[in-house]
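Presented below is the structure to which this report refers.
The values are calculated or read from the model by the stated rules, or taken from the named source; none is laboratory data. Quick caveat: nothing in here was measured; it's all calculated off a predicted structure. Cβ placement follows ideal geometry from the backbone for every residue including glycine, while neighbour counts extend to all protein chains displayed. Protein only, heavy atoms only, side chains kept; ligands, DNA and RNA dropped before computing areas. Shrake-Rupley method; radii C 1.70, N 1.55, O 1.52, S 1.80 Å.
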2 protein chains.
Amino acid sequence: MSGRSADSITLDIERSIVAGELEEGRPLPAERALMEQYGASRTVIREAITALTAKGFLKSRPRYRPIVCRPDASSAMQAAGGVIKHLLDNSRGVHDLYQVRVLFERVLVRDAATGAGKDDLKRLKDALDDNQAAIGDSERFYATDVAFHRVLYTISGNPAYPAIHTGFVEWLAPQWSRMPRSEQRNHDNFLAHQAIYEAILMRDPDAAERALVDHLEASWEFVRSTFFAGENE
Amino acid sequence: MSGRSADSITLDIERSIVAGELEEGRPLPAERALMEQYGASRTVIREAITALTAKGFLKSRPRYRPIVCRPDASSAMQAAGGVIKHLLDNSRGVHDLYQVRVLFERVLVRDAATGAGKDDLKRLKDALDDNQAAIGDSERFYATDVAFHRVLYTISGNPAYPAIHTGFVEWLAPQWSRMPRSEQRNHDNFLAHQAIYEAILMRDPDAAERALVDHLEASWEFVRSTFFAGENE
DNA sequence: CCTCATTTATCGTCGTACCAAACTAATCGC
DNA sequence: GCGATTAGTTTGGTACGACGATAAATGAGG
């Protein structure tokens, strides 16, 4: 990449982090200490720190020591997010991403319908009840809406799924969280969630998938007409 | 993030890139020119360049001017890859990622079965034929194997899908591309591909999905026993 | 007009210095 | 004795200047 010196140091610190030599959550050693440790100038050390920060291995606030971040699925999503948010400045980019989300959830509801356990169904039901209870409060409704979908991402136990969900929510938030809401619309959405839940309960993957797709496509159409009405599809 | 000065410059250059003021593929202005333009020291400029490089907006080789890179789905995957590759040092991480791939392709084959056009089917058939023709040449077989699956990612027309496929292939390559291969195994894999193709041709999404899952799970089991035999599931 | 040597521009790295903010410890007042 | 205040130290953020090495530009020579 850039400089050879800084690169090898970057790699070595990266290695130290994943190897656990640098404890997660602890601050990185001082720059002057690192320059002694690596026998390099501060320029190089700072360059390595900058790169590691951008890569997601460090979290640095303006005047504080960088905090060590062990990489996980969530940081991977965050790293991708830095680029992805620039792809979402038109309806095309947003729709492309939204399609990925739809694709993802289609499998999740199918799997939920065929393989969800008792506790999974209970968590889903609880989320649905929360959703219903929040119909009158649009802000809280949005939160419970997200939470309901999130349950789907937690059923498999794969830690990557919730991270992916977080990514979707964050990236799509510019449109979805700013959507004009109403009690009527909240109620419609709740009914859609209920339909999905019912289909899962009935162990009917096809119906669940159909209910989900209907729900998400209606949601997209609403967003499209709200934010991208002027753009030609 | 890190420094306030460098940060605003980073953001502004980023903006210039996505706005097209800095043409894609062209080299970035010289550091001295930028320090004059932004009224900052070289230290700051270089820090901004480092950050942008790590973020994927610049490609810089050791002694050359950084090349401007417009972000796309592919660079987003690449950014995530920097973190993801550290999650793949054990069977757990690899399996988690592999599951995501399986999830993705399950929908792709379903959609192919229900909605693939004539040309899509032809491309799939061509890829299948290539695959069959390469059974005797394991290296070429691997390439045609990847190509066959890739066709599935291109059917929807969503540009994010091929980028995601590239990510999967790259991240999983350490295991899959190094797999001990044989004509027998190639032939088995070809038959699996053929079964998927047949099911798609028959417009049977359930059969296509089942064939795909069987194929991918067998593949995983082979990888697991080869690379992670010692680890306890 | 093309080739090769020389000059120049530019990057990679280093060192030093200064400021301001954060941290630490000693001091002061209760 | 203990909490609050203050002075000193550490550390990150930024700037300037310098030097070697290499890529790109330039000019000499055929």
Query raised in the report: Regarding A:R42, is this residue in contact with a strand residue (DSSP E or B) (Cβ under 9 Å, 6 or more places away or on another chain), within 14 Å of DNA strand C (Cβ to nearest atom) and either in contact (Cβ under 8 Å) with a residue 24 or more places away in the chain or not assigned by TED's automatic domain parsing to the domain that holds A:H165 (or both)?
Result: no
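Let's see how each residue does on (1) under 23 Å from A:N90 (Cβ atoms); (2) in contact (Cβ under 8 Å) with a residue 40 or more places away in the chain; (3) within 11 Å of chain B (Cβ to nearest Cβ); (4) surrounded by 18 or more Cβ atoms within 10 Å (Cβ to Cβ):
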{"site": "A:T154", "(1), (2), (3), (4)": "no, no, no, no"}
{"site": "A:G157", "(1), (2), (3), (4)": "no, no, yes, no"}
{"site": "A:Y161", "(1), (2), (3), (4)": "no, yes, yes, yes"}
{"site": "A:G167", "(1), (2), (3), (4)": "yes, yes, yes, yes"}
{"site": "A:W171", "(1), (2), (3), (4)": "yes, yes, yes, yes"}
{"site": "A:P180", "(1), (2), (3), (4)": "yes, yes, no, no"}
{"site": "A:Q184", "(1), (2), (3), (4)": "no, no, no, no"}
{"site": "A:N189", "(1), (2), (3), (4)": "no, yes, no, yes"}
Requested in this report: State which residue is nearest to the other protein chains (Cβ to nearest Cβ) when the search covers only segment B:55-67 and only residues that are open to solvent by 30 Å² or more (accessible area, probe 1.4 Å) and within 24 Å of the chain's Cα centre (by Cα).
Outcome: B:K55
Query raised in the report: Inside segment A:36-48, can you point out the residues that are under 12 Å from A:S8 (Cα atoms) and within 11 Å of DNA strand D (Cβ to nearest atom)?
Result: A:I45, A:E47
**Report entry** Set B:V100, B:V146, B:V109, B:V94: member being open to solvent by 20 Å² or more (accessible area, probe 1.4 Å) and among the β-branched types (V, I, T)
**Finding:** B:V146
Requested in this report: From (1) open to solvent by less than 40 Å² (accessible area, probe 1.4 Å); (2) without any contact (Cβ under 8 Å) to a residue 40 or more places away in the chain; (3) out of contact with any Phe, Trp or Tyr (no Cβ under 8 Å at 6 or more places or on another chain), pick out the condition that doesn't hold for A:E47.
Outcome: (2)
Report task. Residues being outside any loop (DSSP other than H, G, I, E, B), surrounded by 13 or more Cβ atoms within 10 Å (Cβ to Cβ) and either more than 10 Å from chain B (Cβ to nearest Cβ) or β-branched (V, I, T) (or both): count how many of those fall in segment A:11-36. Result -> 10
Query raised in the report: Which residues, counting only those in segment B:1-35, are within 9 Å of DNA strand D (Cβ to nearest atom) and over 19 Å from A:K85 (Cα atoms)?
Result: B:S2, B:G3, B:R4, B:S5, B:A6, B:P27, B:M35
Query - Residues located in segment B:85-129, provided they are away from every other protein chain (no Cβ under 12 Å) and out of contact with any helix residue (DSSP H, G or I) (no Cβ under 8 Å at 6 or more places or on another chain) - result: B:G115, B:G117, B:K118, B:D119, B:K122, B:D126, B:D129
Query - Which listed residue, of B:D72, B:D111, is more than 16 Å from DNA strand D (Cβ to nearest atom) and over 26 Å from A:K85 (Cβ atoms) - result: B:D111
Report task. Can you run down the residue pairs with Cβ atoms below 8 Å, 6 or more apart or on separate chains, where the first is in segment B:56-71 and closer than 14 Å to B:I13 by Cβ and the partner is among the acidic types (D, E) and surrounded by 19 or more Cβ atoms within 10 Å (Cβ to Cβ)? Result -> B:F57/B:E14
Report task. Determine which single condition A:K55 fails, assuming it passes every other condition in (1) closer than 30 Å to A:S225 by Cα; (2) in contact with a Gly (Cβ under 6 Å, 6 or more places away or on another chain). Result -> (1)
Report task. Tally the residues that are within 26 Å of the chain's Cα centre (by Cα) and near DNA strand C (Cβ under 10 Å from one of its atoms), restricting the search to segment A:11-39. Result -> 1
Report task. With the checklist (1) over 20 Å from A:T53 (Cα atoms); (2) within 16 Å of DNA strand D (Cβ to nearest atom) in hand, flag the one item B:P66 doesn't pass. Result -> (1)
Report summary line: In segment B:1-10, anything part of a helix (DSSP H, G or I) and either within 16 Å of DNA strand C (Cβ to nearest atom) or loosely packed, with under 13 Cβ neighbours inside 10 Å (or both) is listed as B:R4, B:S5, B:A6, B:D7, B:I9, B:T10
